[in-house]
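Here the structure is laid out as structure tokens; the discussion comes afterwards.
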Amino acid sequence: MSADDVERFRGAEYRRLLTAARRSLERTGGDLSRSVGVSGPDEAERDAIIGITGRYRAPGAKRITVALRELNSAVHSSSGLSLTELLEKIGPPLANRPDTAAREADARRQALEPAYVSRLYTSSAWYRDWLNGIEGDGTLTRLVRRGDAALVAAAVRTLEFLESRPADRAPIMLPALAAEVVHDTKALNEGTPLAGLVVRALALRADTPRPRNAQELRDLWDRFDVVVDDLSSRVLVLNLAAEGSGLGEWLTGAARTGTPFYATLHQLLTLPVAVADPMVHVCENPAILRRAAGELGPACPPLVCTEGRPSTAFRRLARAVAEGGGRLRYHGDFDWPGISIAADVLARHGAGPWRMSTADYLAGLRADEEQVVLDGTAQPTPWDPGLSAAMQRHGRAVYEEAVGAALIDDLAGWSPAADSKDG
């Protein structure tokens, strides 16, 4: 065989025929029992096919078909090479798609094995949904092809670690979590493949959309007491005096003047405080705290604002209240996200509801129907089962700002001896 024997088949007249042969052999793993063809062949292609097969093909044929065995024999006779060897010489190397598919399927099974034996598989529907999702949308296949299949096991270990932590757990920094689980402090940084897997699972666990920006990502980690940035996790406080150097002094000083104060998680961790107030009110919207500061000033009883979904900083402060023998009373929006937040605060922190009853919801409804229509999945209200039913029946949201006057009146009239409207 000479170089010319191979070069001959590099010509344009052979290109489509050999390309079709390559596709067939790659798809079948080298099966020569099939045929390939060239549609609308030009004269050069027709002559080339006649030349290598030795059979006449009429001009103007719409398609010329050649059996691969016949093509293989013709190639071997003229070049001494098999059809496969010729295609390899011309390049690129032939793929074996059935073999590749089998190896990928085996790699996927091995990658999923630790996920299926995890205790979370039998206990948690969100976990099973996560696994089905990464299998079904190609994520797992992409990980296998990149050589990252082991990240599935790492993600499972991370999820198991987070699920096994006690309810009164202290927050953990994201790098510390990554070091604990995979011994790499940067493995869970934003944008890493492992972070993508874990965040996707946590969004399902929290029944919330996947984060679309850095703030939503921090908020999602925060819900599981994982701190991305202990300076950005914060809680808004009004008139909550506390003991402790630094932060305790700042909170007490702000309370003397009725000044709203932001406490960061970093401050709460490095400058821990002790709180002795028997009751701390909690609202969801900062507009309520701002109004209380403006109308009541230093006379307002301690008020804390979650600013939506409670942050790790809020939970840390709530823990300090409980450790000091105090209790929380919570009010939030009467919409489904607000109800979800209320249920979390009441369950996690042993808080009591504050004007979160069916009667309070109905009192907040307006006859003019200007209120926003309820959207999303209905949530249970275990502290008042009739509340969820009433919200579904009326289908309207009542936001906290709309009932702000009643909340301010409660704060103005509150005293340890007269704890009213606890419902």
**Asked** Per residue, what volume in Å³ does the Cα convex hull of the chain take up?
**Response** 218
**Request:** Under a 10 Å cutoff between Cα atoms, tell me which one of Arg256, Arg142, Arg23 has the largest fluctuation in the Gaussian network model of the chain.
**Result:** Arg23
**Fill in**
Exposed-loop cut sites defined as GluC sites (Glu not before Pro) in DSSP loop states with at most 14 other Cβ within 10 angstrom; longest site-free run of the chain spans 1-189
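With a probe of 1.4 Å, find how much accessible area region 223-283 has per residue, and write the answer as a whole number in Å².
Using a 1.4 Å probe on heavy atoms only, each residue of region 223-283 averages 39 Å².
Between Ala214 and Ala101, what FRET efficiency comes out of the Förster formula 1/(1 + (r/R0)^6) with R0 = 45 Å and r the beta carbon distance, rounded to 0.05? Don't skip to the end; give the middle numbers.
Numbers: r = 38 Å, r/R0 = 0.86.
With a Förster radius of 45 Å, E is 0.70.
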**Fill in**
So, with points 7 Å from each Cα along the Cβ direction, the Thr28-Ala359 label distance in nm works out to 8.1
**Fill in**
Of the candidates Val198, Pro166, Val228, the farthest towards the positive dipole end of region 161-243 (Lys/Arg Cβ +1, Asp/Glu Cβ -1, centred on the Cα centre) is Val198
**Complete:** In the chain the accessible area split gives carbon plus sulfur, as whole percent at 1.4 Å, a share of 51
**Prompt:** Where only protein heavy atoms count, and the probe is 1.4 Å, what is the accessible area per residue for region 19-96 in Å²?
**Reply:** 51
**1.4 Å probe accessible area per residue over region 353-405, in Å²** = 53
**Asked** Once fully extended, how much extra length lies between Ala347 and Ser123, figured as 0.36 nm per residue of separation less the alpha-carbon to alpha-carbon distance?
**Response** 78.6 nm
**Asked** Between Ala170 and His183, what is the label-to-label distance in nm when each label sits 7 Å out along the Cα-to-Cβ direction?
**Response** 2.5
**Request:** Could you work out which residue, out of Ala44, Ala21, Ala125, moves most in a Gaussian network model of the chain, that is, has the largest mean-square fluctuation with Cα springs under 10 Å?
**Result:** Ala44
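The values are calculated or read from the model by the stated rules, or taken from the named source; none is laboratory data. Quick caveat, the model's predicted, so the values are computed rather than measured. In this analysis, Cβ positions are derived from the backbone assuming ideal geometry, glycine residues included, and neighbour counts consider all displayed protein chains. Only protein heavy atoms, including side chains, enter the accessible area calculation; ligands, DNA and RNA are left aside. Shrake-Rupley method; radii C 1.70, N 1.55, O 1.52, S 1.80 Å.
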